[in-house]
Ligand SMILES: NC(=O)c1ccc[n+]([C@@H]2O[C@H](COP(=O)([O-])OP(=O)(O)OC[C@H]3O[C@@H](n4cnc5c(N)ncnc54)[C@H](OP(=O)(O)O)[C@@H]3O)[C@@H](O)[C@H]2O)c1
């Protein structure tokens, strides 16, 4: 099967996914008139945030590395677009730091006369081994994780914050961290998420004087392609978690809507942990 067909099949499985657990999904007008840029909006948490933002009156621009995945995501999100809002996408590899300035210019051309009011730094990957495990993390794996999860966020946020300042947009930047930023940083992923925790608070401090609110959401184990396979029948139970199951990306998305809305303007430099208790009320949910 060609790679193109494989990606289409994975996307189809993901977007047609139904879960046995039903969670309330917030839908309203909290984000009316806003436009959000979401990195890594083609699957998992980023995709569900895009959907929830659309359902709450925003327009969305999503990014990813793969054109087919972007097109599939846009196609399946179209039904949630309200009024004269829109959902757009652009290929943008966030780990390609040197391209970020130019890509952001392209995004501004793409949205035409809209403004970017919200940036969600969501794109993320896992690669590499735990240090001291006997297997080595390659330099390439280390670098791509740090570039994707941390450096890309730094440089894109720099672009977006400068733009918001010049345009006097009282916007929001929301970083997607991980509850692993509370655990010992034993692999490239956890190192990147610890970095993102510091960066979130640092950006919040620097940008608040310009009216830009920066916060983070730190999910615990969430049912997305990063952790569970699309091909298997989904089993959302998770013994190691105090709640006994994976978090659904829709639950993270509900929180994201609130945090970037005007109801969340007094949450500044905060990292809200949504973990089902994993790593918060337990310390033994991950074996080191
Ligand atoms: N799932 C969890 O349990 C969990 C827990 C805590 C935190 N998180 C965080 O949540 C975020 C989303 O993860 P997820 O679970 O939703 O995983 P996912 O389903 O694998 O989604 C990752 C997204 O990031 C995009 N992406 C990856 N590398 C990229 C790059 N270099 N440039 C642009 N986009 C890129 C992917 O798009 P393409 O493949 O199309 O490029 C995809 O849209 C990540 O930051 C992750 O660390 C996840």
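For the pair residue 235 and residue 206, what calculated FRET efficiency results from E = 1/(1 + (r/R0)^6), where r is the Cβ-Cβ distance and R0 = 51 Å, to the nearest 0.05?
0.75
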For this session: Go ahead and estimate [θ] at 222 nm for the chain from helices alone: -39,500 (n - 2.57) per DSSP H run with n ≥ 4, summed, over the residue count, rounded to 500.
Result: -11500 deg cm²/dmol
Seminar exercise, completed: Shape call for segment 170-287, from the Cα gyration tensor axes a ≥ b ≥ c (a/c under 1.5 means rounded, otherwise prolate when a/b beats b/c, else oblate), comes out prolate
Problem set entry | Of 209, 71, 121, the one that fluctuates the most in a GNM where the chain has Cα springs shorter than 10 Å | 209
For this session: Assign one of three labels to segment 25-274, namely rounded, prolate or oblate, based on the Cα gyration tensor with a ≥ b ≥ c the square roots of its eigenvalues; rounded applies when a/c is under 1.5, prolate when it is not and a/b is larger than b/c, and oblate otherwise.
Result: rounded
Exercise. Top mean-square fluctuation among 96, 122, 172, Gaussian network model of the chain, C-alpha springs under 10 Å?
Worked result: 96
Seminar exercise, completed: Fewest to most Cβ atoms within 10 Å: 98, 205 sort as 98, 205
Seminar exercise, completed: Here the relative contact order (percent) of segment 89-173, from C-alpha pairs under 8 Å and at least 6 apart, is 42 percent
Problem set entry | Inter-site label distance for residue 165 and residue 135 at 7 Å from Cα along Cβ, in nm | 4.4 nm
Problem set entry | Most to least packed among 189-197, 255-263 [average Cβ atoms within 10 Å] | 189-197, 255-263
Problem set entry | Distance from segment 146-191 to segment 95-118 (C-alpha centre basis), Å | 16 Å
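Only the coordinates and a few stated rules stand behind these numbers; no lab work does. What you are looking at is a predicted structure, and each value in this text was computed from that prediction instead of being measured. Cβ: placed from backbone, ideal geometry, glycine included. Neighbour counts: every protein chain shown.
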